[in-house]
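The values are calculated or read from the model by the stated rules, or taken from the named source; none is laboratory data. Everything numeric here is computed off the predicted structure, so don't read it as measured data. Reconstructed Cβ throughout: ideal geometry from the backbone, glycine too, with neighbour counts over all protein chains shown. Calculation scope for accessible area: heavy atoms of the full protein, side chains included, ligands and nucleic acids excluded. Shrake-Rupley method; radii C 1.70, N 1.55, O 1.52, S 1.80 Å.
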Amino acid sequence: MGKSVIVCTSVAHGNTRKIADALAGVLDADIVSPADADLEGAELVGFGSGIYLGKFHADLLDFIDSLPQQNGRRAFVFATSGLPESRLFRYSSRIVDALESKGFEVVAGFSSRGFDTYGPFKLVGGIRKGRPNAEDLASARAFAEHLQD
Ligand SMILES: Cc1cc2nc3c(=O)[nH]c(=O)nc-3n(C[C@H](O)[C@H](O)[C@H](O)COP(=O)(O)O)c2cc1C
């Protein structure tokens, strides 16, 4: 497989960075921030962040908006969040739409729970303590192996 790049924004607890590290280990990918990202020569690009007020991080979304047309370059998305995505909380549709409108072929997505101390959860010491845990990282590695097939 050709070169892979992972563009990651992980600002609250470093939760998404842990997932990015697990993915990068399997894919042999470079992990970069949106500010430093250079997709030149990449065959597969991962885009990941925490979920903040229902959205992927604005730096990541702005970066995607700034890109030229991609001619079907393969992409995947990943996130960590306190609450899982559901019909009520749809996190990924906006970023997937943005990527597709730039001509990426979005091939897969991965999400994990992450330690969350936002808002009311702070009062109870946070939720999902210790996440992502070893099992979450193993799931991330399995996801990355699946991407290689
Ligand atoms: C400002 C803020 C807003 C958040 N909003 C949500 C949210 O809408 N839904 C959710 O499930 N988690 C929310 N969270 C929890 C984060 O998604 C979770 O902690 C995530 O793992 C953070 O990733 P990071 O450590 O890589 O930044 C929020 C956290 C912060 C700090």
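Computed values, structure above
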| item | result |
| --- | --- |
| Count - residues of region 64-84 that are assigned to a loop (DSSP other than H, G, I, E, B), within 14 Å of the ligand (Cβ to nearest atom) and open to solvent by less than 40 Å² (accessible area, probe 1.4 Å) | 1 |
| Positions within region 90-149 being open to solvent by less than 50 Å² (accessible area, probe 1.4 Å), within 10 Å of the ligand (Cβ to nearest atom) and assigned to a loop (DSSP other than H, G, I, E, B), in sequence order | TYR91, GLY114, THR117, GLY119, GLY126, PRO132 |
| Pairs with Cβ under 6 Å, 6+ apart, first in region 13-37 and closer than 21 Å to LEU61 by Cα, second in a helix (DSSP H, G or I) | ILE19/ALA140; LEU23/ALA140; LEU23/ALA144; ILE31/ALA20; ILE31/ALA24; PRO34/ASP59; PRO34/LEU60; PRO34/PHE63 |
| Failed condition for LYS3, given (1) out of contact with any Gly (no Cβ under 8 Å at 6 or more places or on another chain); (2) away from the ligand (no atom under 14 Å from the Cβ); (3) open to solvent by 40 Å² or more (accessible area, probe 1.4 Å); (4) in contact (Cβ under 8 Å) with a residue 40 or more places away in the chain | (1) |
| Condition broken by ILE31, with the remaining ones in (1) more than 25 Å from GLU135 (Cβ to Cβ); (2) touching a Leu at 6+ places or on another chain (Cβ under 9 Å); (3) not in a loop (DSSP other than H, G, I, E, B) satisfied | (1) |
| Failed condition for SER66, given (1) within 17 Å of ARG94 (Cα to Cα); (2) in contact (Cβ under 8 Å) with a residue 24 or more places away in the chain | (2) |
| Tally of residues being open to solvent by 10 Å² or more (accessible area, probe 1.4 Å), within 11 Å of the ligand (Cβ to nearest atom) and within 14 Å of PHE78 (Cα to Cα) across region 18-53 | 3 |
